[in-house]
1. Can you report the number of residues in the stretch 128-157 which are within 9 Å of ligand 2 (Cβ to nearest atom) and either open to solvent by 40 Å² or more (accessible area, probe 1.4 Å) or assigned by TED's automatic domain parsing to the domain that holds L83 (or both)?
2. So if I check each of G123, G110, G77, which one is assigned by TED's automatic domain parsing to the domain that holds G53 and open to solvent by less than 40 Å² (accessible area, probe 1.4 Å)?
3. Can you find, within the stretch 94-106, the residue that is farthest from ligand 2 (Cβ to nearest atom) among those that are among the charged types (D, E, K, R) and touching a residue at least 24 places away in the same chain (Cβ under 8 Å)?
4. Please specify each residue of the stretch 80-91 satisfying the condition of being crowded, with 16+ Cβ neighbours inside 10 Å and outside any strand (DSSP E or B).
5. One residue is enough: does the stretch 92-109 have a residue meeting the conditions within 16 Å of ligand 1 (Cβ to nearest atom), part of a loop (DSSP other than H, G, I, E, B) and more than 14 Å from the chain's Cα centre (by Cα)?
6. Would you confirm, using the coordinates I've provided, whether D164 is over 30 Å from T38 (Cβ atoms), of a type outside the set (A, V, I, L, M, F, W, C), touching a Cys at 6+ places or on another chain (Cβ under 9 Å) and not assigned by TED's automatic domain parsing to the domain that holds G53?
Amino acid sequence: MPLLKGSIVPPRLPDPRSGLVLDTHELSRRAGTLKEVTRVAEAPADLGIEVIGVPPGSPVDLSLRLESVVEGVLVTGTAKVRLSGNCARCLDEISRTEEVDLQELFCYPGKELDDAEALRIEGELIDLEPVLRDAVVLDLPFTPLCRPDCAGLCPDCGANLNRDPDHGHAEPTDPRWAGLEGWTEPTNEPNNKE
Ligand SMILES: [Zn+2]
Ligand SMILES: [Zn+2]
């Protein structure tokens, strides 16, 4: 399907069954009203980058504070997610938890500030998914490492040097030159006749 340039994506209504969708009804548009929300949501798909990310369906621990302001609802808090991926040096599996900070103003329709990217409250619901996505992806390392001093793999045989620090080869061959072994000067130059 061709993607039309400049076409407007119809607003996706938040799914109230999603743990990442919050109901703002109780805040009732009175500035200053507060609501604390702690819950465990399921991680959405594609939350991460190619090398490391949050497994879909894994628990996302949300600890949030919803505050009614004039323009809408200000959400601040944290999300604890599971990260899983592979070390960029030794390819070992990486599995750890990470806490990211969330802060976003969701505007009532028609009360958006100048920011065209402003998120909106749709039918008293706010969808945290894009906020979580931005926070997690910005927090991810481009080259994830199993530990800061990961020794990586032996360039000759691929052995994991973390597990075998004394690893070595009797006659190390630099693989960059290996292809040149047995290579001789071409002999089709014109002979120098005196
Ligand atoms: Zn590693
Ligand atoms: Zn080796």
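1. Total satisfying the criteria: 4.
2. The unique qualifying residue is G77.
3. If we take residues in the stretch 94-106 being among the charged types (D, E, K, R) and touching a residue at least 24 places away in the same chain (Cβ under 8 Å), then E104 is farthest from ligand 2 (Cβ to nearest atom).
4. Across the stretch 80-91, the qualifying residues are C87, A88, R89, C90.
5. Yes, there is a match, as at least one residue in the stretch 92-109 is within 16 Å of ligand 1 (Cβ to nearest atom), part of a loop (DSSP other than H, G, I, E, B) and more than 14 Å from the chain's Cα centre (by Cα).
6. For D164, the condition - over 30 Å from T38 (Cβ atoms), of a type outside the set (A, V, I, L, M, F, W, C), touching a Cys at 6+ places or on another chain (Cβ under 9 Å) and not assigned by TED's automatic domain parsing to the domain that holds G53 - is met.
The values are calculated or read from the model by the stated rules, or taken from the named source; none is laboratory data. Keep in mind the model is a prediction, meaning the values are calculated, not measured. Positions of Cβ are generated from backbone atoms using ideal geometry, with glycine treated the same way; all protein chains shown enter the neighbour counts. Surface accessibility is based on the protein's heavy atoms, side chains included, excluding ligands, DNA and RNA. Shrake-Rupley method; radii C 1.70, N 1.55, O 1.52, S 1.80 Å.
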